[in-house]
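Undergrad: The structure follows.
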Amino acid sequence: MLNNEKIILMTKLSLYEQKNQKKEIKTSKYFRGDYMSLKMLKSFLCITVAYLLCLVLWFMYKSDKVISSLTTTGRLTALIIMLVILYIVSVVLYMIFSYAFFSHKFRNIRKHLKEYNGDLKTLHRIQELEYDAIIDELGEGGDEE
C-alpha cells in the first residue's frame, strides 16, 4: 500500500536537492566564519579590481587634462591622496554591504538546510516504521504455519 505522506516528503526532498544541491548543500560544509572569510576575501578582490578598472578608464578618458594639470607636485600629491581616500571609502562601504548580504544569505541557507534535515529524519522514521511493520507481519505469518 502506498504511503501518501512518504511520497509527498520524498518529492519535496527530491525537488530541494535538484534545485539547491549545488548552492546550499555545498555551503553546509563550511562554518559561518570560514564561509564569511571566503566571501569577504572575494569581495575585497572584486572591489579592488573594479576600482582599478574604473581608475584606468577614468585616466584614459581624462588623460590629456590630468597630465597637463599635474605639472606641479602639489597637485599630483593631492590627486594621489584623493584616489587613495576614494579607494578606502569604496572598499569599506562595499565590505559592509558584502558582510550584511552574505550573513543574511548564510542564515537563510542554514534555515533551509535545517528544514531539509528535519524532513530527512521524518522520512527515516517513516521508513523504520514500515520496516518494523513488515518484520512484524513476517514474524506473525511464520508462527501460523
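Undergrad: Filter region 1-37 down to the residues that are surrounded by 15 or more Cβ atoms within 10 Å (Cβ to Cβ) and among the charged types (D, E, K, R), then identify the one that is nearest to Phe97 (Cα to Cα).
TA: Glu24
Undergrad: Given the options Met40, Met60, Met82, name the one that is surrounded by 11 or more Cβ atoms within 10 Å (Cβ to Cβ) and assigned to a helix (DSSP H, G or I).
TA: Details: Met60 fails: surrounded by 11 or more Cβ atoms within 10 Å (Cβ to Cβ); Met82 fails: surrounded by 11 or more Cβ atoms within 10 Å (Cβ to Cβ).
Going through Met40, Met60, Met82 in turn, just one is surrounded by 11 or more Cβ atoms within 10 Å (Cβ to Cβ) and assigned to a helix (DSSP H, G or I): Met40.
Undergrad: Another question, if that's okay. Filter region 93-123 down to residues that are touching a residue at least 24 places away in the same chain (Cβ under 8 Å), more than 21 Å from Thr11 (Cα to Cα) and more than 14 Å from the chain's Cα centre (by Cα), then give me how many there are.
TA: Of the residues in that region, 2 qualify.
Undergrad: I'd like to verify a number: residues in region 1-48 that are in contact with a Phe, Trp or Tyr (Cβ under 6 Å, 6 or more places away or on another chain) and within 20 Å of Thr122 (Cα to Cα), how many?
TA: Adding up the residues that qualify gives 1.
Undergrad: Evaluate region 11-18: report whether one residue or more is more than 18 Å from Arg107 (Cα to Cα), touching a helix residue (DSSP H, G or I) at 6+ places or on another chain (Cβ under 8 Å) and among the acidic types (Asp, Glu).
TA: Of the residues in region 11-18, the ones more than 18 Å from Arg107 (Cα to Cα) are 11-15, 17-18.
Now drop any that are not touching a helix residue (DSSP H, G or I) at 6+ places or on another chain (Cβ under 8 Å), which leaves 12-13, 17.
Then keep just the ones that are among the acidic types (Asp, Glu); that gives 17.
Scanning region 11-18, I find at least one residue that is more than 18 Å from Arg107 (Cα to Cα), touching a helix residue (DSSP H, G or I) at 6+ places or on another chain (Cβ under 8 Å) and among the acidic types (Asp, Glu), so the answer is yes.
Undergrad: Which of the residues belonging to region 89-145 are aromatic (Phe, Trp, Tyr), over 30 Å from Tyr51 (Cα atoms) and surrounded by 12 or more Cβ atoms within 10 Å (Cβ to Cβ)?
TA: Filtering region 89-145 down to residues aromatic (Phe, Trp, Tyr) leaves 94, 97, 99, 101-102, 106, 116, 131.
Subsequent filtering for residues that are over 30 Å from Tyr51 (Cα atoms) retains 116, 131.
Within region 89-145, Tyr116 is the sole residue that qualifies.
Undergrad: Next up: Return the residues of region 103-124 that are basic (Lys, Arg) and within 15 Å of Ser28 (Cα to Cα); say none if nothing qualifies. Walk me through it before giving the result.
TA: Looking only at region 103-124, we keep the residues that are basic (Lys, Arg), and these are 105, 107, 110-111, 114, 121.
Correct list: Lys105, Arg107, Arg110, Lys111, Lys114.
Undergrad: A further question on this structure: Looking at Leu76, Leu120, Leu113, can you tell me which residue is farther than 30 Å from Asn20 by Cα, in a helix (DSSP H, G or I) and of a type in the set (A, V, I, L, M, F, W, C)?
TA: Details: Leu120 fails: farther than 30 Å from Asn20 by Cα; Leu113 fails: farther than 30 Å from Asn20 by Cα.
Answer to the check: Leu76.
Undergrad: If you don't mind, another one. Kindly evaluate Ile126 against the criterion of being in contact (Cβ under 8 Å) with a residue 60 or more places away in the chain, of a type outside the set (Ser, Thr, Tyr) and in a helix (DSSP H, G or I). Working first, answer last.
TA: Details: in contact (Cβ under 8 Å) with a residue 60 or more places away in the chain: yes; of a type outside the set (Ser, Thr, Tyr): yes; in a helix (DSSP H, G or I): yes.
It is true that Ile126 is in contact (Cβ under 8 Å) with a residue 60 or more places away in the chain, of a type outside the set (Ser, Thr, Tyr) and in a helix (DSSP H, G or I).
No lab work stands behind these numbers, since they all come straight from the coordinates. Since this is a predicted model, take the numbers as computed values, not measurements. Backbone-built Cβ (ideal geometry, glycine too); neighbour counts: all protein chains shown.
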